[in-house]
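Beneath this line is the structure, given in structure tokens, with notes to follow.
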Amino acid sequence: SDPASTTAACAMNVHVGATSDPAEVRGLAHFCEHMLFLGTELYPDEDSFSKFLSANGGTNNAFTDSEKTVYYYEVDGSIDKRFSESLLRFGSFFSGPLFTESATGRELNAIDSENSKNLQNDIFRLYQLEKSRVNSDHPFSKFFTGNKQTLLEDTKRQGINLRQ
């Protein structure tokens with residue numbers, strides 16, 4: 001802790017990553033990472049958190065790893081109430097996310113685009129090659145990113161609704 005700093009930050013490490021995805025929903029952890037920032041029961045506007053952070057000198061991001069998903073942000077903490085409100089907003093991601101239909105559609109497109117971009121990256125392709133050499137029963141062999149095929153078409157065919 002730096003007493004001279006005016007920046008406050010918070011992170012949440014959810015110990016569920018891509019290796020925890022069920023076989024029926026490849027990319028689920030990554031999908032949830034995208035969706036949690038987009039509206040909650042307490043703050044239903046999809047851009048509520050990002051607007052709050054922007055208005056208060058903050059930023060946020062998240063990432064999904066094989067065994068964890070990490071959400072984090074920073075905000076101008078020079079006013080105590082600002083950080084307290086940010087904690088309430090951040091906590092509502094985990095206690096009451098909305099997973100609205102409109103956000104779901106957009107984020108499925110974003111994930112599909114992210115996956116397409118990854119396919120052009122040599123480092124990602126080497127990573128996929130490494131994963132293809134693993135025993136197919138091992139969790140590391142799973143498709144971590146997800147795309148429209150795994151998160152939309154496959155789930156619909158199986159009668160799975162990602163929003164429930």
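On the given criteria, is Ser136 exposed (fewer than 14 other Cβ atoms within 10 Å of the Cβ), under 30 Å from Asp2 (Cα atoms) and among the small types (Gly, Ala, Ser)? Judged against the criteria, Ser136 is not a match. From the residues in region 126-158 that are among the small types (Gly, Ala, Ser) and at pLDDT below 95, which one is nearest to Arg26 (Cα to Cα)? Here the residue is Ser141. Of the residues Asp2, Asp45, the single one that is closer than 21 Å to Ser102 by Cα and in a loop (DSSP other than H, G, I, E, B) is Asp45.
Could you look through region 67-84, keep only residues that are modelled with pLDDT of 95 or more and more than 11 Å from Ala11 (Cα to Cα), and pick out the one that is least open to solvent (accessible area, probe 1.4 Å)? That would be Val75. With respect to Leu38, is the statement that it is assigned to a loop (DSSP other than H, G, I, E, B), touching a helix residue (DSSP H, G or I) at 6+ places or on another chain (Cβ under 8 Å) and surrounded by 15 or more Cβ atoms within 10 Å (Cβ to Cβ) true? It is true that Leu38 is assigned to a loop (DSSP other than H, G, I, E, B), touching a helix residue (DSSP H, G or I) at 6+ places or on another chain (Cβ under 8 Å) and surrounded by 15 or more Cβ atoms within 10 Å (Cβ to Cβ). Of the residues making up region 110-119, one or more are open to solvent by less than 40 Å² (accessible area, probe 1.4 Å) and closer than 18 Å to Pro22 by Cβ.
The values are calculated or read from the model by the stated rules, or taken from the named source; none is laboratory data. In this text, all values refer to a predicted model and were calculated from it rather than measured experimentally. In this analysis, Cβ positions are derived from the backbone assuming ideal geometry, glycine residues included, and neighbour counts consider all displayed protein chains. Just the protein is used for accessible areas: all its heavy atoms, side chains included, with ligands, DNA and RNA removed. Shrake-Rupley method; radii C 1.70, N 1.55, O 1.52, S 1.80 Å.
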